[in-house]
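S.K.: Below you'll find the structure I mean.
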Amino acid sequence: MPSPEILVLAPLIILLAYIIFGISGFGSTLIAVPLLAHLFPLQFVIPVVVVLDCFGAITMGLRLRADVNKHELLPLAPFMLIGMAAGVFLLLRLPAHILLACLGVFVLAYGAIYAFGRGSVVRLARWSAAPLGLFAGATSSTFGVGGPLYVFYLTGRGATPGQIRATIPVIFIFTTITRIALFATAGLFNRDVLLTAALLFPVMLIGLYTGNRLHGRLRREHAIRIIGGLLAASGVSLLLRALQ
């Protein structure tokens, strides 16, 4: 029987994560994975969040499909596949404290960029799909934090905020279905993972609905700063835990 803290905190974390996803089109795993990693092993957290992300991404992708930037998806796909396969290998092989420390560094770096960034855009060539796709695929499998890299790529390729919000869920549909297949092959899915995902599924839907309602009422700059602050604090806490 899970402790009362887990029964309360896990749903609140998922609720917050998918409110952010509904507002911005990404960020659910960036919030959910680091915070849930304080409650469960990372090898348990990643498969649970992947299942929830699959349903969340499909819901968002269907709603916003008219604005999807299809032209930039095709070059990314093969490199994301290779990167995701490598990421699963790392998830299975690296010790837990190293995984936590690496996740803490990633999340802290992302948080600092979002909290203190000035919104400058780096223009990217088409060939950048290869290194960014590989790295994003690997980090999405290992840590569940590939979203900001996809946002960086789409922004650098000239996508509008509306196109990014619509395209990221479609990328997540592709990556989560692939990761589900890879995780199943690697034996990372079990009864506890699927039961936890099923119990948290209604909370995910409530968060997604709330985030979609808030989108447009909250300025994007303010939302980005809030996400950045949450990520930075979460990254520091993971680093401290990994060093214990």
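The values are calculated or read from the model by the stated rules, or taken from the named source; none is laboratory data. Here the structure is a predicted model, which means the values were calculated and not measured. Methodologically, a virtual Cβ is constructed for each residue, glycine included, from the backbone with ideal geometry; neighbour enumeration extends over all protein chains shown. We work out accessible area using only protein heavy atoms, side chains counted, and drop any ligands, DNA or RNA first. Shrake-Rupley method; radii C 1.70, N 1.55, O 1.52, S 1.80 Å.
S.K.: Using a 1.4 Å probe on the protein chains only, how many percent of the accessible area of the range 133-182 belongs to carbon and sulfur? The partial results should precede the final answer.
M.R.: On the way: 1000 of 1280 Å².
Exposed carbon and sulfur together represent 79 percent of the surface.
S.K.: Report the full-extension gain for the segment L62 to H97: residue separation times 0.36 nm, less the Cα-Cα distance, to one decimal in nm.
M.R.: That pair, L62 and H97, stretches by 8.8 nm at full extension.
S.K.: Right, something else. Which FRET efficiency value, to the nearest 0.05, is calculated for I6 and L240 with the Förster distance at 25 angstrom and r the Cβ-Cβ distance?
M.R.: 0.80
S.K.: Using mean Cβ contacts within 10 Å as the protection proxy, how do 177-184, 138-145 order, highest first?
M.R.: On the way: 177-184: 18.0, 138-145: 25.6.
Highest mean packing first, the order is 138-145, 177-184.
S.K.: Right, something else. Peptides 44-54, 7-17: what's the order by average Cβ count within 10 Å, highest mean first?
M.R.: 44-54, 7-17
S.K.: Given points 7 Å out from each Cα along the Cα-Cβ axis, report the L194 to A109 separation in nanometres with one decimal.
M.R.: 3.6 nm
S.K.: With a ≥ b ≥ c the root eigenvalues of the C-alpha gyration tensor of the range 122-207, is it rounded (a/c under 1.5), prolate (a/b larger than b/c) or oblate?
M.R.: Oblate is the answer for the range 122-207, as a/c is 1.5 or above yet b/c matches or exceeds a/b.
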